[in-house]
Each structure stands twice: as structure tokens, then as C-alpha cells.
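Down below is the structure, laid out as C-alpha cells.
The values are calculated or read from the model by the stated rules, or taken from the named source; none is laboratory data. No experiment lies behind these values; they were computed from the predicted model shown. A quick note on method: Cβ atoms are made from the backbone with ideal geometry, for glycine too, and the neighbour counts reach across all protein chains shown. With ligands, DNA and RNA removed, areas are computed over all heavy atoms of the protein, side chains included. Shrake-Rupley method; radii C 1.70, N 1.55, O 1.52, S 1.80 Å.
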Amino acid sequence: MELVIIGGGPAGMSAAVAAYESGVRDMMIIERDEALGGILRQCIHNGFGLHRFGEELTGPEYAWKYEKQVKELGIPFKLNTTVLDITPDKTITAVNPEDGVFTIKAKAVILAMGCRERPRGALNIAGTRPAGIYSAGTAQKLVNMKGFMPGRSVVILGSGDIGLIMARRMTLEGAEVKAVCELMPYSGGLARNIEQCLNDFKIPLRLSHTVVRVFGKERLTGVSVARVDENRRPVPGTEEYIPCDTLLLSVGLIPENELSKSAGIALSGVTGGPEVNQDRQTTVPGIFACGNVLHVHDLVDFVSEEAETAGKKAAEYIIGIRKKNADVTLKTDGRIRYTVPQRITEKSDVNVYFRVGDVFRGACINVYSGGRLIASRKKARVAPGEMEVIKIKKELIPDSGELYFELEAKK
Amino acid sequence: MAAEGIAYYDAAVIGAGVAGAMTARELSRYDLKICILEKENDVAMGASRANSAIVHAGFDAKEGTLKAKLNVKGSEMMSRVAQELGVKYKNNGSLVIAFDEKERSMIEKLLIRGNNNGVRGLRIVEREELRRIEPNISEKAICALYAPTGAIICPYELTAAAVGNAMDNGAELLRNFEVTGIEKKDDVFEISSGSKKISARIVINAAGLYADKIAAMVGDTSFSIHPRRGEYILLDKECGAAAVHTVFRTPTEKGKGILVTPTVDGNLLTGPTSVDMTDKEDKSTTDDGLARVKRETSESIPSIPFAKTITSFCGLRAVGSTGDFIITSPVRGFINAAGIESPGLSASPAIAEFIRNMLLEQGFSLKLRKDYNPVRPPMHGFACADTEEKNRIIKENPAFGRIVCRCERVTEGEILEAIRRNPGARDVDGVKRRTRSGMGRCQGGFCSPRIMEILADELKLPFEAVTKSGGASLMCVGKTKEGR
Ligand SMILES: Cc1cc2nc3c(=O)[nH]c(=O)nc-3n(C[C@H](O)[C@H](O)[C@H](O)COP(=O)(O)OP(=O)(O)OC[C@H]3O[C@@H](n4cnc5c(N)ncnc54)[C@H](O)[C@@H]3O)c2cc1C
């Protein structure tokens, strides 16, 4: 087969449509869930598509726009099908109830498996292990897709977007959200979500706070929260007990790259996703990646954009187009945590996406090539919760060497 | 004879931990009507759920003690038992490392003790060989006691399999049956749990932390049990290779010292701490304890990547007041298997045999059953099958082609099997322990709603009645506005 796309969320579907439009026909989307749409299926709030379609859509509405295209174009997809393995030579092993365990040899592969939430264990919170502790996404699924309430009085740890959205959702469902605690001195979510999901409902956001202990034998009965110092260590004496029956965790998303590892793809230590060039091609030729499997996005609009690049470039790869007229590595100063892409191998206009590691005001992003400033962008405020982008013009891309991304700011 | 209207059994085993489970399995070889009484909603909810999962070689316990004798014997039996029960078992060997000359003299003493206990193949390995066989070991370790017979096993898998095998051979499991009273009437014991009552001629007290309470019900107050906390940190499978052997620190009087070990499922396990407690129900972890686990295990193996922690948990050791296993019979037909602290898991097959022999000595006639089958097909049969076999199974039952837990790749077929097969899972944690679903990186984030659905369907429960681990541990509290 020419192209296999792993994952039928917004990234996978956009990539498939783009590849189709670039002429690929012998292709297939593989999705483990029982329907296309990925995580958007459970995101019934609106706020999707503002950039791309100029209107506020709900998650399922946004997904439907692409699902409709996939179906109209007749792009084949297999549901209830889990990919078990990808080899470096692009042999894919998958399983489903109808076909059993089967393999497909592909010319090109697009990885679009999305991400997963960081669980409690990773935080090592002391205390008991009662019912009532969920990741925010699991709670979202229970409420929005199954119609059940995980609890009635809630503390949320972490101010990631799903946590903020769930603070509002649980409140609307009649639960009391007692606090959202955030370890960092700033929120990891979008500013608009803080406004619309917390402030509008008078839910307190406690920055520089964490949950230090969990209580309750069978069902959660309360948590103890404490302030943390600048090294993020709990300050003794600041503990406060909050009775609650539910603790939701929104403490970070991790790109799902178990399959990428089996394919021998180099992963970035910062994003947790593959290292890619401007085409979203990984270090294994013919394997591309897009969406949250590559780096965690805050807006689905950017996912679609990135996926289109991957789809189009995968199509070019299949028909044998190999453009390589540069070999440039993108480096960052640490204030900028990472860039995607991490490499540029072709001189074309490249949108470089990045995230910062802290909140900065009066920021200026400078890009240097061999000590020469080639691009610069000012921004009143940058924050870890919001992805940024800077365009590098093709004529400014060197043949080789480094592009250095630096952030100047007052902090 | 038993009073009318009360179910009668030849033998009642109180406690479905590994000791009770193995004993029930041993007794199920004979023509006996057996029940296992368990206060929780599932088997292996006590010490047999949360421990180091080590089949100890047998060099720790003092010469001449029951602990020493039954450990060495049990450890010899374990590989066969594991095979019969289809339980994963790996003979990875263990090391007790010494950091200085004082510790060297300690492990030399252990070597002598082990030899006296009858442990095979013990020897001291010096720095260079140690580094070769355990590549990530600390530079500071000067030598180690090597025990080639040391092994690892999954304790709750072993317990569930032993109970399952006993049930396949006719034993009954009564859950949520917390024994609250025992009355001896002629030659039978009437055992009650609140208003529920059964009677039995033989009673095995394998109630773990509560064995003292049960013994007192027949007037035996010769011992007491107190809990000793042990906290652990479990790491991702990515880290499983950080240790090859089970690596112990030199023991102290409180226990075997903190260890680092691979698990049979390929994770890395670090712990336990050792803190005396009073509350037998307090299984909480503490900041101090977890910090200590990290600190001390990092001294043994400096490269442990604690950032890849999956979960932490706490187990309570049932420490007996005599210092040894307490396997005694205060009244004919009533046998204590108490104070079964470490190496109780390792010793469990030998404990079961020992108890059977006591019954024989007391004049109970045990007639072998003709149809007894010691074999239980493995729970992880599907996972271990080759592609051809998997496809055959999927064709027969498509549920095996539907992956529910993506991290551990557990199929719907395996989850259904875990619920349907003896002793069937009744709650989310029960499914988790049997199938490993929810034990991987995402800790059930993705699959728990689906598992709740399957449980509700299979057990014919409303969705909101599904629990995490029985009792009041409800996963949900009701319907949403729209769902109502
Ligand atoms: C931290 C720690 C580490 C250990 N490491 C190892 C090791 O590496 N190797 C090893 O060999 N051993 C180890 N052990 C020891 C081993 O875990 C125990 O010896 C073994 O699990 C004891 O089994 P048990 O059946 O006696 O007790 P348990 O597993 O505690 O079972 C007792 C059961 O009785 C039930 N019960 C209690 N009261 C009642 C009642 N009134 N009515 C009905 N049911 C009741 C309980 O619910 C429970 O299910 C360790 C123990 C701990 C705690």
C-alpha cells in the first residue's frame, strides 16, 4: 500500500485528505476507536476552528468537517483496529476483530496517534488509593460520552486546558469545583480558558499550589494542598485540607510514541514526539508525523495545518520527489523550549512553531543564522500554555549549520 | 452435626491471601467440600497484593525456624507450582550487596546461614564479577552474596490462580464474608459474618493481619499481629532492564533492606520501607517513605529513572509476636497460619503442605479425589500466543481482536475471561490485577470507562454501581443532567 495513516483524529483525517488531494489513492486510515474523530469526540464544548473556519465549532462539529470529506472522497479507513508495531522498513502490524492480526507494507506512513494524559502515579502523591481520582480526560469521557458523574465535589490539580474545561463542565453539571491547583506560578492552559472556565464561575485558581496527600479508604474523602516554593517543593506548614470526593488531574499530556520507538524514529527529549524536518518527516525516511503525537497543540486549527503539510509531503515522497538543498538544525536558548520542525532540509518558507518555558512580558523572538539576525518578532506576552509561530523566509535559510532561536524579555 | 439451614463444609479457609489460597488448593486435592471466606470483594487484597514479589532463596531466616524451613522448601516447589497454575515465574537470581567491610562480614554470615538452611549455590561475588552480572550496580558496591535460586513471581496472579484452581476443583469462594464470630459446637465450628453463617469441621485461619483476632474467637490469645508498612515505587517497563537480578541492600534487624528488582511483567520495582504501625487499615504512602525508597535504591543502582514512575503503593506486613511463622493448632481442626510475613509468599506452597500434614496428624482422613486437576490454563495465554494462534482465537471469538487497554494491549476477550473465570473479577481493580489493563503508562486513563461498561454488562449491574475495589469505592456517583 502506498500510504497508511495511523490515527483517525483531526490530524490523521486532515493528512489523509491532503494526501488524497495530492493524488494518493492507495491509502488507508487505521483508527483504534469505534469512530473517526479522536479526542475531539468527547470535547463537546465550543472554541474549535476559530482560526481555520472563522467560526466557533464544538469538537465533534470540527471533526465532522473532516470526517465528511474523508467519506465523500472515499478514503478507506478501518475502525476498531489497533496498530501493534511498525518496523523501520514500514511494515505495519495491526489487529481487529474481523481481520485478526494482519500486516501491511507501506511506502509511506503518517503517524497521527495523538497523546495521552500524565497519570497520578507519575506525580507520586502520597496517601491512599481510593476511587474518585481521574485524569481530566477520563472524567470528560465519563461525563460527555457515558453520561455519568465521577463525583460531586471536586479539586482539580493542574491547569491544563482539559482540566479548565472540566472545571466548567462539572460546575454546569451541578458539581462544586472547590479549587484548581497549579504547581507553577502560571497556568498551563489558554488564557481564554482561564477566563471562560474559571473566572466566569468564580472557581479559585491557586497558582504555586499542589496536592500533597490523598485521603479516603474506599472513595476519596479529601485532599491536602500546600503552597510550593520557587523550586516547586511544598512549603511545610502551608498544608490545607479540602474535603472532596473527586480529584481530577490535568498535569500534562505526553505524545504517544511507543510505535515510533519500534520504528526506530529519533524522539525529541523536550516534546516527547519525533524529531522532524519542515515536511514533518521523521528521521526514518517515509515516516511522517503530525498533530499531538508530534508535539502537544493547544489549538486544533494548527493540528490541521500541520497535518496538511505531512499529507502533502508524504504524497510527494510516494511519487519519488526528494528535494534536499539544505541541512540546517534548529536550536533554542532554553527559554524557548523547542521548535517544530527541528530540522530544515529544503529552502522554502517555513513556519516554525515553538513553546516557551515560562511567562515573559515584552518578549522579542530573535532568530540567528551564523550570528546574523534573520528574523524577529515582538509579542507583548508569551506563556507556556500557548504555542507560538514565526515564519522563516526561504531566501534566509542557509545551506547548512544552525538556526538559533532566542527569546529576549523582561520576564 | 451442623445446625439446620446452615451451609456445611468440610473445610473453611479464612482469608484469600496467598497462604489461604495455597492451602485451599492443597485441600482441594482431597474429597472435601471447601469454602474460602474473604472479607473483601476480591482475593489477594491483603499482603498478597502489595509486596516485593520475590521468591526468596532462603538465607535470611534464622536456622531452625519455620520461616527458614518453609522458605527453602517453598522456593524449591515454586517453579512447578507456577507452571501448573500458569503463572509467570522467572528465576533471575538475587544479590545482597555490601558497601563496606562491615557489610561484607554480614553477608558472609548470611552465606553460612543460607548453607545451613539448605539453600543451593550460594556464593560471594567480588566487585568485578558483580559489575559484569549486574551492569548498573553502584561503583561503591564491593561484593555481593549471589543466590542463583532467587526468583520473581506476580503475587496476586499466583493467589488468584491458586484460588481459581481450588474453585475449578470444587471449592467455593464467599466474598464480602468478614468472619466476625466462631463458635465450636461438638466437632464443627459455626462461622458467622454478621447475620451470615456457615459451618465447617476444619478451619484454617489465614486472615493475615487479623489472624490474631480470628484465633481469639476460639480462645487462642497466645500471639498478636501488628502491621509494618512497606512502601514501593513502580517504574515503567522501559526501565525494567535497569536491574537483572533482585538487588538487596544488606539486611538490618527490621527487614531485608530496600531492594531493586525487575518484575515478571518487565517493570522495575523499588522498595520497601519498613515502619511499624498500629492501624491495620492504613495503606497510605508517605512523602518520607517514598523519598527514602528513592534515596536508598539509588545508592544500589544510581541510574534508576524515577521520572518514569508509574505508581507507588504500600503493603502491610503481618508481623507476628513470636518472630516466626505461627502455624499452630489451639483446638483440633482449627489451624492458624499466622504471622506470615516475608518470606510468606515464597513459603506458601510449603505452608499448605505443612498444614495438610498437621490435619493428617490430627486424624482427619484425607482421601485423594480422582478427578483432581492441578493445572490451570494461564491467564496470559492470549498475550503469549503466536500470530497464527492469536488469529485462530480471534476467529473463534472476535472480542480477542478488540484492544481495550492500549498501554498493556489487553483485549476485550481477556477482560471478559477475567470476569468469567474463577475467581471472577468483580470490580475495576480486579480486572486490572488479572489482565494488567490499566497498569501501564496511562494507568487506566483511556480504558477504565470501557472496563466499567464491560463489568456492568457482565455482572448485570447499573453502570454507576461499578466499584474500584468493592464496598463503597464507587467509580461514579450518578448520572449527568442529560443522562438522567
Ligand atoms: C511489604 C511486604 C513485602 C513482602 N515481600 C515479600 C517477598 O518479596 N517475598 C515473600 O516471599 N514474601 C514477601 N512478603 C510477605 C508476603 O507478602 C506474605 O507473607 C503473604 O502475602 C501473606 O499471605 P497471607 O495469605 O498470610 O496474608 P494476606 O495476603 O494478608 O491475606 C489475608 C486475607 O485474609 C482476609 N481476612 C482478614 N480478616 C478476615 C476476616 N475476619 N474474615 C475473612 N477474611 C479476612 C484479608 O482480607 C486477606 O485477603 C512481603 C510482605 C510485605 C507486606
Quiz prompt | 25 °C / 0.890 mPa s Stokes-Einstein diffusion coefficient of region B:1-133, Kirkwood radius on C-alpha pairs, µm²/s | solution = 136
Quiz prompt | Solvent-free Debye scattering, log10 I(q)/I(0), computed from the Cα coordinates of region B:189-306 at q = 0.09, 0.13, 0.18 Å⁻¹ | solution = -0.40, -0.68, -0.92
Quiz item: How big is D, in µm² s⁻¹, for region A:248-336 by Stokes-Einstein at 4 °C and 1.567 mPa s if Rh is the Kirkwood radius over C-alpha pairs?
Solution: 91
Practice problem: Net charge near residue A:175: determine it from the other residues with C-beta under 12 Å of the C-beta of residue A:175, scoring Lys and Arg +1 and Asp and Glu -1. | Solution: +2
Practice problem: State to the nearest 20 debye the size of the charge dipole of region B:138-281 about its Cα centre, where the only charges are +1 on K and R beta carbons and -1 on D and E beta carbons. | Solution: 220
Quiz item: Considering only DSSP states other than H, G, I, E and B, which chymotrypsin sites (Phe, Trp or Tyr not before Pro) in region B:360-429 qualify as loop sites with at most 15 other Cβ atoms within 10 Å?
Solution: B:372
Self-check item: Value of Rg to Rh for the protein assembly as shown (Rh from inverse mean 1/r over Cα pairs, i.e. Kirkwood)
Solution: 1.00
Quiz item: When the Cα centres of region B:35-112 and region A:1-50 are compared, how far apart do they sit, in Å?
Solution: 51
Exercise. Please tell me the relative contact order of chain B in percent, rounded to the nearest whole number, where contacts are Cα pairs under 8 Å and at least six residues apart.
Key: 20
Quiz item: So which lysines can residue A:410 reach, going by Cα to Cα under 26 Å and dropping same-chain residues fewer than 8 places off?
Solution: A:331, A:378, A:379, A:391
Quiz prompt | Chains B and A together, accessible area buried on both sides, 1.4 angstrom probe, square angstrom | solution = 4100
Practice problem: Determine the order of A:262, B:300 by accessible area, beginning with the largest, at a probe radius of 1.4 Å. | Solution: A:262, B:300
Quiz item: Principal axis lengths of region B:87-178 from Cα atoms, whole Å, largest first?
Solution: 54, 30, 26
Quiz item: How many angstrom lie between the C-alpha centres of region A:381-411 and region A:198-225?
Solution: 37
Exercise. Give the accessible surface of region A:266-320 per residue, rounded to a whole number of Å², with probe radius 1.4 Å and ligands, DNA and RNA excluded.
Key: 26
Self-check item: Gap separating the Cα centres of region B:182-256 and region B:269-291, nearest whole Å
Solution: 17
Exercise. Would you tally the net charge around residue B:377, using a Cβ to Cβ cut-off of less than 14 Å, leaving residue B:377 out, and scoring K and R as +1, D and E as -1?
Key: -1
Practice problem: Considering Cα pairs under 8 angstrom that are at least six residues apart, work out the relative contact order of region A:326-393 and quote it in whole percent. | Solution: 31
Quiz prompt | Occluded residues from region A:75-103, i.e. those whose accessible area drops by 30 Å² or more once the chain is not alone (1.4 Å probe) | solution = A:82, A:84, A:95, A:97, A:101
Self-check item: Threshold 10 Å², region A:188-219 residues less accessible with all protein chains present than alone (1.4 Å probe)
Solution: A:212, A:213, A:217, A:218, A:219
Quiz item: So what's the convex hull volume per residue for the Cα atoms of chain A, in Å³?
Solution: 147
Exercise. Can you find, among A:270, A:260, A:101, the residue farthest towards the positive end of the dipole of chain A? Put +1 on the C-beta of Lys and Arg, -1 on that of Asp and Glu.
Key: A:270
Quiz prompt | Coordinate range along principal axes, alpha carbons of region A:260-401, Å, largest first | solution = 46, 30, 25
Exercise. Would you kindly calculate the mean projected area, averaged across all directions, of the convex hull enclosing the Cα atoms of chain B, in square nanometres?
Key: 24.6
Quiz prompt | Share of carbon and sulfur in the accessible heavy-atom surface of the protein assembly as shown [1.4 Å probe, %] | solution = 49
Exercise. With +1 on each Lys and Arg Cβ and -1 on each Asp and Glu Cβ, and nothing else charged, work out how big the dipole of region A:11-91 is about its Cα centre, in Debye to the nearest 20.
Key: 60
Quiz item: Which entries of A:65/A:313; A:202/B:481; B:67/B:185; A:178/B:479 show an alpha-carbon separation above 24 angstrom in the structure shown?
Solution: B:67/B:185
Exercise. Please give the residues from region B:448-462 for which the solvent-accessible area of heavy atoms, probe 1.4 Å, is smaller by at least 40 Å² with all protein chains in place than with the chain isolated.
Key: B:449
Self-check item: Signed unit charges on C-beta, dipole axis of region B:226-275, positive-most listed residue B:233, B:267, B:257
Solution: B:257
Quiz item: Rolling a 1.4 angstrom probe over the protein heavy atoms, how many square angstrom per residue are accessible across region B:381-465?
Solution: 40
Exercise. Of the listed pairs B:237/B:395; A:261/A:393; B:432/B:460, which have alpha-carbon separations greater than 25 Å here?
Key: B:237/B:395; A:261/A:393
Self-check item: Computed log₁₀ I(q)/I(0) - Debye formula, equal Cα scatterers, no solvent, region B:381-465, q 0.12, 0.18, 0.23 Å⁻¹
Solution: -0.32, -0.72, -1.11
Practice problem: Loop only per DSSP, at most 12 neighbouring Cβ atoms within 10 Å: give me the GluC sites (Glu not before Pro) in region A:205-296, ordered by residue number. | Solution: A:230
Quiz item: Going toward the positive end of the dipole of region B:381-465, with +1 on Lys and Arg Cβ and -1 on Asp and Glu Cβ, which of B:403, B:437, B:455 do you reach last?
Solution: B:437
Exercise. May I ask you to derive the relative contact order of region B:253-380, considering only C-alpha pairs under 8 Å and at least 6 residues apart, and to give it as an integer percent?
Key: 14
Quiz item: For region B:95-146, what's the radius of gyration and Dmax over Cα atoms, in angstrom?
Solution: 10.8, 31
Practice problem: Give, to the nearest whole percent, the P(r) tail of region A:119-251 beyond 22 angstrom, counting all Cα pairs. | Solution: 29
Quiz item: Hey, if we sort B:25, B:420, B:80 by accessible area with the 1.4 Å probe, largest down, what's the order?
Solution: B:420, B:80, B:25
Self-check item: Measure of compaction for region A:325-411 (Cα Rg per 2.2 N^0.38 Å)
Solution: 1.03
Quiz prompt | Total charge dipole magnitude, region A:119-251, about the Cα centre, Cβ charges on Lys, Arg, Asp, Glu only, Debye to nearest 20 | solution = 340
